[in-house]
Amino acid sequence: MFKFIKKLFKRLVVAFFASTILSVIIYRFLPVYVTPLMLIRCYEQHKEGKSLKLKHHWIPLRDMPDDMPLAVMGSEDARFMKHHGFDLDAIEKAANQNKKSSKKYGASTISQQTAKNVFLWPERSWVRKGLEAYFTVLIELIWSKERIMEVYLNSIEMGDGIYGVEAVAQEHFSCQAKNLTRANCALIAATLPNPLVYSSKNPSEYIVKRKFQILKQMNYVTAFKTDVNY
């Protein structure tokens with residue numbers, strides 16, 4: 001029995017690594033049309049008796065305005081182009097702040113958020129955080145920074161039932177993503193900490209204030225190329 005369990009365990013481990021690595025390789029080239037979060041949100045809508053809403057339109061990075069990556073880096077991860085998936089300085093800073101405040105601060109990078117959005121579920125747990133770290137390492141090794149940003153900007157939740165830049169551009173600004181202004185991009189990025197509470201269509205005073213802070217921050221983040229081909 002022990003030998004059987006040991007053999008089964010080895011096969012499960014090999015299957016896990018093979019399947020996860022293969023999935024990351026596949027998404028290095030193919031669009032991500034659906035994510036676990038999208039399915040979870042649809043289930044929540046159904047459970048609450050709401051009409052299903054899922055707005056998602058995949059577009060290549062070159063069809064997004066140059067200011068969109070700069071805006072999310074200014075808002076979420078200013079060192080995105082410099083780190084390898086984990087911002088140790090931000091983690092240390094968040095840990096120190098959490099010791100002093102009841103409000104919990106996070107230090108997830110764009111790479112970590114992409115790993116979570118594409119491959120995992122949103123609830124916090126040590127298991128999920130461990131898997132998130134694993135997938136973050138994988139995508140940093142297998143994908144380029146441009147590809148990580150492309151997937152991130154296409155899959156991240158940007159409103160109720162709205163995922164990605166093209167969908168939020170159509171739903172909240174009545175235009176295509178390529179026609180978003182610099183201010184529009186900063187406004188969208190300002191809502192990302194909680195897009196189900198904050199809206200880029202009807203921004204609160206707090207979000208407008210964050211927008212102007214992000215516009216300033218965009219001047220200092222590393223330049224980013226959007227006209228890339230894979």
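The values are calculated or read from the model by the stated rules, or taken from the named source; none is laboratory data. A quick note: this is a predicted structure, and the numbers were derived from the prediction, not measured. Neighbour counts are summed over all protein chains in view; Cβ atoms, including those assigned to glycine, are modelled from backbone coordinates with ideal geometry. What goes into the accessible areas is simple: the full protein's heavy atoms, side chains included, and nothing from ligands, DNA or RNA. Shrake-Rupley method; radii C 1.70, N 1.55, O 1.52, S 1.80 Å.
Remarks
- Estimated dipole of the stretch 1-97 in Debye, rounded to 20 [Cβ of Lys and Arg +1, of Asp and Glu -1, Cα centre]: 920
- Note on the stretch 1-158: Rg/Rh from Cα positions, Kirkwood definition for Rh, rounded to two decimals, is 1.02.
- Computed accessible area, ARG41, all protein chains, 1.4 angstrom probe, square angstrom: 50
- Percent carbon-and-sulfur accessible area, the stretch 144-230, ignoring ligands, DNA and RNA, probe 1.4 Å: 46
- Projecting the Cα atoms of PRO31, HIS172, TRP121 onto the charge dipole of the chain, computed from C-beta unit charges around the Cα centre, puts TRP121 farthest toward the positive end.
- Estimated from helices alone, the mean residue ellipticity of the chain at 222 nm is -18000 deg cm²/dmol (sum of -39500 (n - 2.57) over DSSP H runs with n ≥ 4, per residue).
- For ILE162, the amide hydrogen comes within under 5 Å of the amide hydrogens of LYS55, counting only partners 5 or more places away or on other chains and with H modelled in the peptide plane.
- Note, ³J(HN,Hα) from phi for the stretch 60-72, Karplus 6.51, -1.76, 1.60, rounded to Hz, x at Gly and Pro: x, 4, 5, 8, 9, x, 4, 6, 5, x, 4, 5, 6
- The stretch 1-143, accessible surface, carbon-and-sulfur percent (1.4 angstrom probe): 63
- Table column - 3J(HN,Hα) (Hz), the stretch 25-41, Karplus curve with 6.51, -1.76, 1.60, x for Gly and Pro: 5, 4, 6, 5, 10, 9, x, 9, 7, 8, 10, x, 4, 4, 5, 5, 5
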